[in-house]
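Everything below concerns the one structure shown next.
The values are calculated or read from the model by the stated rules, or taken from the named source; none is laboratory data. For clarity, every value in this text was computed on a predicted model and none was experimentally measured. FYI the Cβ positions are ideal-geometry reconstructions off the backbone, even for glycines, and counts take in every protein chain you see. These accessible areas exclude ligands, DNA and RNA; they are computed on the full protein's heavy atoms, side chains included. Shrake-Rupley method; radii C 1.70, N 1.55, O 1.52, S 1.80 Å.
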Amino acid sequence: MKNIQTLIYTIALVGLLSCNKDELVIQQGECMPFSISDTYEYPIVPGTDEWADLKSLTEKVQACQIQSSKLKSISTEGLLETLLTYPLILDYGAFNLQQDGFERIKSENNGFDELYGRTDFFNVITERYKLMSLNCDKNYYPPFIGEIETPIQISFQTIEFFMLQDQLLNKTNSNQRIQLLELVLEKLQAKREYGISENENLVSYAILGKIMIKENYSPFVIINDENEIMSGLERIPIGFDSNMLDLIENNAKELKASI
């Protein structure tokens with residue numbers, strides 16, 4: 001039997017202008033779908049006639065904007081879930097430099113600025129990432145392609161893109177960065193054992209590299225200066241030199257061991 005780790009809790013959200021209370025119910029754990037009760041439901045989604053009627057990217061983007069009142073009241077957990085299920089979230093995969101694609105996505109949906117401005121975002125996303133498992137009989141994690149189950153490496157890659165952004169990393173302290181480095185190393189090893197290739201894990205390597213630069217970890221800083229690793233990797237190209245990726249992982253492990 002699989003070891004199911006479940007986290008279910010209720011938070012009373014009190015409206016600033018009302019005495020009414022709404023219960024926020026969050027259910028998340030290993031090998032189960034994540035469920036956050038205040039997740040925003042997009043009014044028009046792929047697979048519907050209404051979506052098919054949208055003829056341009058601009059129209060699709062506009063249809064997916066989140067109401068400002070909802071943005072201010074939604075929990076950080078619900079907002080993260082909302083953006084992981086954003087109908088255009090996987091568009092980054094169409095770019096030769098996938099970070100370019102993710103930046104386009106961030107700029108076009110009004111939820112991202114709100115998410116990266118939340119003071120609890122780091123704790124929320126790392127808790128969710130920690131609970132994600134490759135040991136399930138199916139992939140329970142968004143994004144989903146209509147009713148089709150997304151390859152699990154895409155689910156990991158997408159949430160890792162959220163963590164790669166400087167809007168998050170620049171607000172972290174050293175303890176948080178080391179916590180994230182240890183977590184990414186753990187997931188990287190699990191993904192390798194699962195059979196996910198190095199080039200499908202480039203976001204993981206980029207997070208490790210950026211953390212080491214921000215920590216001013218001198219062995220890696222020197223290697224990076226000599227080889228200009230991060231200037232190419234952090235844009236997330238289609239492929240990358242495996243020797244450089246090994247250097248990143250080995251240095252990250254050495255930094256972890258030195259703490």
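Per residue, the accessible area of region 130-227 comes to 43 Å² when a 1.4 Å probe rolls over the protein heavy atoms.
Students often check this: by mean Cβ neighbours within 10 Å, which of 68-75, 154-161, 179-186 ranks highest, and how do the rest follow?
Numbers: 68-75: 14.8, 154-161: 21.8, 179-186: 18.2.
Put in order of decreasing packing, that is 154-161, 179-186, 68-75.
In whole percent, how big is the carbon plus sulfur part of the accessible area of region 111-259, probe 1.4 Å, protein atoms only? It is 45 percent, rounded to a whole number. Cross-link reach is defined here as a Cα-Cα straight distance under 19 Å, omitting same-chain residues fewer than 8 places apart; for residue 72 the aspartates and glutamates meeting it are 22, 23, 38, 41, 81, 108, 113, 114, 120. Can you give the FRET efficiency to the nearest 0.05 for residue 226 and residue 148, using r as the Cβ-Cβ distance and R₀ = 35 Å? According to the calculation, E is roughly 0.20. Peptide packing: for 53-65, 191-203, the average count of neighbouring Cβ atoms within 10 Å per residue gives the ranking 191-203, 53-65, highest mean first. Please give the net charge around residue 235, taking every other residue with its beta carbon less than 15 angstrom from that of residue 235, where Lys and Arg add +1 and Asp and Glu add -1. Overall, the nearby charge balance is -4.
What net charge is computed for the residues neighbouring residue 98, neighbours being all others with C-beta under 14 Å from the C-beta of residue 98, Lys and Arg scored +1, Asp and Glu -1? If you can, show how the numbers build up before the last one.
Numbers: positive: 104, 106, 235; negative: 91, 100, 103, 160, 200, 234.
Taking every Cβ under 14 Å from that of residue 98, the sum is -3.
Pairwise alpha-carbon distances in the chain exceed 29 Å for 33% of all pairs.
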